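Only one structure is covered here, and it is reproduced in the block below.
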Amino acid sequence: MSAEAHRFAVFGHPIAHSLSPEIHKAFAAQLGLQLSYETIDATPGEFDDAVRRFFAEGGLGANVTLPHKTAALTLAKTASDAATRAGAANTLTPLVGGGFEAHNTDGSGFVRDITERHGFDLRGHDALLLGAGGAARAVAWALMDAGVQSLTIVNRSPEKADAIADAIGEPARCHTRYWDGLEGECFDLIVNATSIGVTGGDFDLPMSIVQDHSTAYDLCYGAAAAGFKGWAIAAGVRPDWFRDGLGMLVEQAADAFDKWHGQRPDTDPVYRMLRQRF
Ligand code: ATR
């Protein structure tokens, strides 16, 4: 079959700068698979029709990014545990008989990047998660599954952090604090899952939450990670213990690729290629 017959896409708005086509095509080349992978720009009002049309026309898989991850879950006929728990989907797969399944690879991609690429064993550590949007929700569950000793979630709108902690339902291990209520606490791992680096704003957090050995991780990469990186290093995180989300981007793509093609690509060459640019 031609590459056009194996059609994949990523939906978003905006979407022109997405790295997903490049990543998926690099994985396919590595494994000798033929596929096409396009970007589809759809506004929230267009998303529903655009996704249905894509699958009706024979699309074999779709990734979904901002601002459609919640809508993607709502539209799906079935959902994996990862998507249901995150309340959001980034991977859609057509079902035999019509409709599509929603899945979420953000949490698994994050854990694989931080543990396997960066060698950070999450077990037994005290983690702080900044933010309570869709990405934070996926990462919160993944951190718990990976065995952190404690997970503290803070968010500008505290009720959204509370909702994640309530859904997780392990109050002895996972709890929330107010954004300005972190004085006197310290963490081994601080994960930024807010959109502050994109939309602008300050990380007005006490620097005392950083310890000698703390690692900081921003789910964003490139310029969008610069603000949190600056804060983290000023607070005492060693520069080489700061990680951005480029590896997570590659790993979440590899998990989607594996779901669709039944083969997991070697992510390191693709990560190294992208790292030269970001
Ligand atoms: P995503 O799907 O990437 O997680 P999102 O759902 O829009 O994106 O979530 C963005 C997160 O960044 C939210 O936790 C948001 O806080 P609110 O829930 O209070 O909106 C957080 N955020 C965005 N701008 C922020 C700012 N200036 N200060 C603090 N938090 C901010």
- What number of residues in the stretch 90-140 are within 16 Å of the ligand (Cβ to nearest atom) and touching a Pro at 6+ places or on another chain (Cβ under 9 Å)? 1
- Message: Out of Thr194, Thr215, I need the residue that is within 15 Å of the ligand (Cβ to nearest atom) and either over 25 Å from Ser108 (Cα atoms) or modelled with pLDDT of 95 or more (or both). Which one?
- Response: Thr194
- Somewhere in the stretch 48-65, is a residue within 16 Å of the ligand (Cβ to nearest atom), buried (at least 17 other Cβ atoms within 10 Å of the Cβ), of a type outside the set (Ser, Thr, Tyr) and in a loop (DSSP other than H, G, I, E, B)? no
- Task: Spot the failing condition for Gly222; the list is (1) more than 15 Å from Ala132 (Cα to Cα); (2) crowded, with 19+ Cβ neighbours inside 10 Å, and only one is missed.
- Result: (2)
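Residues to consider are Ala216, Ala226; find the one that is hydrophobic (A, V, I, L, M, F, W, C) and either touching a residue at least 60 places away in the same chain (Cβ under 8 Å) or outside any strand (DSSP E or B) (or both).
Numbers: Ala216 fails: either touching a residue at least 60 places away in the same chain (Cβ under 8 Å) or outside any strand (DSSP E or B) (or both).
So the residue among Ala216, Ala226 that is hydrophobic (A, V, I, L, M, F, W, C) and either touching a residue at least 60 places away in the same chain (Cβ under 8 Å) or outside any strand (DSSP E or B) (or both) is Ala226.
The values are calculated or read from the model by the stated rules, or taken from the named source; none is laboratory data. Predicted model only: the values in this text are computed from it and were never measured. Neighbour counts are summed over all protein chains in view; Cβ atoms, including those assigned to glycine, are modelled from backbone coordinates with ideal geometry.
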